[in-house]
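Heads up: the structure comes next, in structure tokens.
The values are calculated or read from the model by the stated rules, or taken from the named source; none is laboratory data. Quick caveat: nothing in here was measured; it's all calculated off a predicted structure. Counting neighbours? That spans all protein chains shown, and the Cβs are built from the backbone with ideal geometry, glycine included. Quick note on the areas: whole protein, heavy atoms, side chains included, nothing else; ligands and nucleic acids left out. Shrake-Rupley method; radii C 1.70, N 1.55, O 1.52, S 1.80 Å.
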Amino acid sequence: MAMLLVGEAMAPLLSRMYYNSGGKSLWMVTLAQSAGSPLLIIPLLLTPRATAGEPRPVVSKIAAICVGLGLIIGCNDLMFSYAMLYLSVSTFSLAMALFASGEWRTIHGEMAEFKNGKVAYMLTLMGIAVALFGDKMMGTKVVTMLMAVWGFLSYVYQHYLDGQYVVAMRNGRGSSHDEGREVQESATCGLKRCANRRWMLVLADMLMLLVGEAMAPLLSRFYYNSGGNSLWMTTLVQSAGSPLLVIPLLLTPQAAVGEPRPTVFKMSAICVGLGLIIGCDNLMYSYAMLYLPVSTFSLMSSTQLAFNAVTSRLINSQRFTSLIVNSIVVLTFSAALLGVDNRDGSTSSSSVQNRKHVVGIILILCASAVRALILSLFELTFEKVIKATTLVWVLRMQIFTNMVASAVSVMVLFASGEWRTIHGEMAMFKNGKVSYVLTLIGIAVGWQAMELGAMRLIARVSSLFANVTSTLALPLVPVLAVALFGDRMTGTKVVAMLMAVWGFLSYVYQHYLDGRQAASARKGRVHAVAG
């Protein structure tokens, strides 16, 4: 493996040095790719011969195979040479082509004109010289290299797991999997109906979260593009829509008589603390939305998943598997790939300058980290304090914490004097006062839909699952931003979106496997009792 990696790195570098230093013979570069085969004669002579009883293939068959593969290798080497010229087999067939094309006549003059002399010319073709070309090392290249390393490690780890599985099967410990499959096939209809109902509710919560996740950033960008510039107003509307949840709260059946109820003092302290943190987090999101194009904002928000993985592990004792880790790493690389590519285009009224871009990236990272902490604290509250995950408590927690965040935003809005500019901002809004009010209402509704969907998923599954679901909105927002606001859809964003979708699917598949394992365990207990 080390030999392969060294050769894979050395050959393109030396080929690029050959072209950069004045070499231009495509057939010479093609010939050099296979002309080193005589070097293998020495290890061939030192290798022990075949034993007497070992089967020997027919000479004519081996000769035909070697000639055919040699011709294919020669064509392949030529394509590599052309590719290296524009971006960066046999010896006999390539030597024939070298002389048939007449390029052999130019080799002596090319050697004389070689920038580093004749000796360097020969050493380069032999693969001994090492050179640096001063290629620009962009952030995207660094992230791409890290992604390649991660992909390699993932494959090696899977190979290790396969080896462990084979060893276990040889030792006779593989029967539990078959028994689990038989138990699963004998599932009862009642358990299936419960599982299907639960997944329908989870899908409804996911849909609510995705709609809000796509709606809120787009309307916030529309607010800024249409002339709005009040940071505290956009911060306020992120939590000001919580009174809309009073209606479903009143229509929801209240807690049963025997259900545990936490003390009012404890819940008040938790709601005030979480509300203050939410208010600060909303302000960072408002600044980030002002400084970043909406597509960059949305994709960089996926770093929240990586932060939430840490907080879930430390606070909620989240169990990690290889698929979950892969999901988190891929989504993090997806955001990093976009963050280092500072070539976003936006036709917004205020251009995103380099300094503001950096500030926006820092703010969105901080906001994502705080947001991850908030979700983990909500999950901890449901598990340890409330000890219930009913819709009533979900609505109460969202209403009370958002009311605290709204109160903070209102106080700062008046203390900063920004409230005096609201009437003028409304009058100057590009699409009129009605559009101004409807935009703010839409932002408030979008944020509440996203929050409610996330809270319900936290109560039903986990905060990490809620975070992973929010990444599914990533392909939607940049595409809509391109159509609505003229954001530039670069190739980097496309790759980042595909990585985000793959990371989401990896996590969902792991959750599916966990569900199957849990169902098998429950059915096993049912059959044990029945037996």
Report summary line: Expected output for the range 451-472 (first residue more than 14 Å from Leu373 (Cα to Cα), partner surrounded by 23 or more Cβ atoms within 10 Å (Cβ to Cβ) and of a type in the set (Ser, Thr, Tyr), Cβ below 6 Å, 6+ apart or cross-chain) is Val468/Tyr507; Thr471/Ser302
Report task. List every residue pair whose Cβ atoms sit under 6 Å apart, with the two residues 6 or more apart in sequence or on different chains, where the first one lies in the range 372-383 and is within 12 Å of Ser317 (Cα to Cα) and the second, anywhere, is open to solvent by 10 Å² or more (accessible area, probe 1.4 Å) and assigned to a helix (DSSP H, G or I). Result -> Ser376/Thr311; Ser376/Ile315; Leu380/Ile315
Report task. Starting from the range 34-50, take each residue that is farther than 17 Å from Ala11 by Cα and list its partners that are open to solvent by 100 Å² or more (accessible area, probe 1.4 Å) and of a type in the set (D, E, K, R), counting only C-beta distances under 9 angstrom and pairs at least six apart or across chains. Result -> Ala50/Arg56
Query raised in the report: Out of all the residues in the range 228-243, is one or more open to solvent by less than 30 Å² (accessible area, probe 1.4 Å), part of a loop (DSSP other than H, G, I, E, B) and farther than 21 Å from Val394 by Cα?
Result: yes
Requested in this report: Test Ile270 against the stated conditions and say whether it is at pLDDT 90 or above, open to solvent by 10 Å² or more (accessible area, probe 1.4 Å), under 31 Å from the mean Cα position of the chain (by Cα) and more than 27 Å from Ala496 (Cα to Cα).
Outcome: no
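The rows are residues; the columns are (1) surrounded by fewer than 16 Cβ atoms within 10 Å (Cβ to Cβ); (2) over 30 Å from Val392 (Cα atoms); (3) under 35 Å from the mean Cα position of the chain (by Cα).
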site	(1), (2), (3)
Leu413	no, yes, no
Gly417	yes, yes, no
Phe429	no, yes, no
Tyr436	no, yes, yes
Met455	no, no, yes
Ile458	no, no, yes
**Report entry** Selected residue [open to solvent by less than 50 Å² (accessible area, probe 1.4 Å), touching a Ser or Thr at 6+ places or on another chain (Cβ under 8 Å) and within 18 Å of Ala449 (Cα to Cα)] from Leu210, Leu249
**Finding:** Leu210
Requested in this report: For residues that are within 20 Å of Ala216 (Cβ to Cβ) and assigned to a loop (DSSP other than H, G, I, E, B), tally how many sit in the range 413-472.
Outcome: 4
**Report entry** Scope the range 14-58; condition among the aliphatic types (A, V, I, L, M) and modelled with pLDDT under 75; matching residues
**Finding:** Leu14, Met17, Leu26, Val29, Ala50, Ala52
Report task. May I ask you to list pairs of residues, at least six apart or on different chains, whose Cβ atoms are under 6 Å apart, with the first in the range 286-299 being among the aliphatic types (A, V, I, L, M) and crowded, with 24+ Cβ neighbours inside 10 Å and the second being modelled with pLDDT under 75 and part of a loop (DSSP other than H, G, I, E, B)? Result -> Leu299/Leu474
